[in-house]
Amino acid sequence: QVQLVESGGGLVQAGGSLRLSCAASGRTISNLRMGWFRQAPGKEREFVASVSWPTGRTNYADSVKGRFTVSRDNAKNMIYLQMNNLKPEDTAVYYCAAGPRLGQYDSWGQGTQVTVSS
């Protein structure tokens with residue numbers, strides 16, 4: 001099992017930037033697909049971004065393309081989500097996730113709150 005802990009959330013103004021971090025422990029994430037999800041108030045959890053292995057291919061939800069960037073640092077066993085040009089609709093709890101293959105995420109963090117004010 002891999003344990004995941006998110007950090008970096010907070011309150012920002014619309015148009016601002018924020019970087020989320022996800023620290024993994026228990027095993028290396030170098031051969032795992034890593035992803036970010038979010039859950040806004042009153043809504044279901046939704047996919048935000050992912051980075052695969054071994055190609056490192058990234059994928060993004062249409063709502064965040066061009067604004068968010070997911071990256072991984074295998075040496076530090078961490079992944080990041082750089083969020084630029086934030087909008088109030090980005091307000092949500094953001095979760096880090098890991099899994100062995102596409103569509104399968106079996107490890108989840110506890111989430112970090114991101115609030116974007118108008």
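Structure values in brief
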quantity	calculated
Distance between modelled label sites at LEU102 and SER63, nm, 7 Å Cα→Cβ extension	2.3
For GLY99, net neighbour charge (Lys/Arg +1, Asp/Glu -1) across residues whose Cβ lies under 12 Å away	+1
Net lengthening on full extension, LYS87/SER7 (0.36 nm per residue, minus Cα-Cα)	26.9 nm
Total formal charge among the other residues, if their Cβ is under 11 angstrom from that of SER50, Lys/Arg +1 and Asp/Glu -1	+3
Qualifying GluC sites (Glu not before Pro) for segment 27-118 [loop in DSSP, other Cβ within 10 Å: at most 11]	GLU44
Proximal charge balance of SER118 [Cβ under 15 Å; K/R count +1, D/E count -1]	-1
Relative contact order (percent, whole number), segment 37-118, Cα cutoff 8 Å, 6+ residue spacing	25
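All of the numbers you see were taken from the coordinates with simple rules; none came from a lab. Given the structure is predicted, the values throughout are model-derived calculations rather than measurements. As a convention, Cβ positions derive from the backbone with ideal geometry for all residues, glycine included, and neighbour counts pool all protein chains shown.
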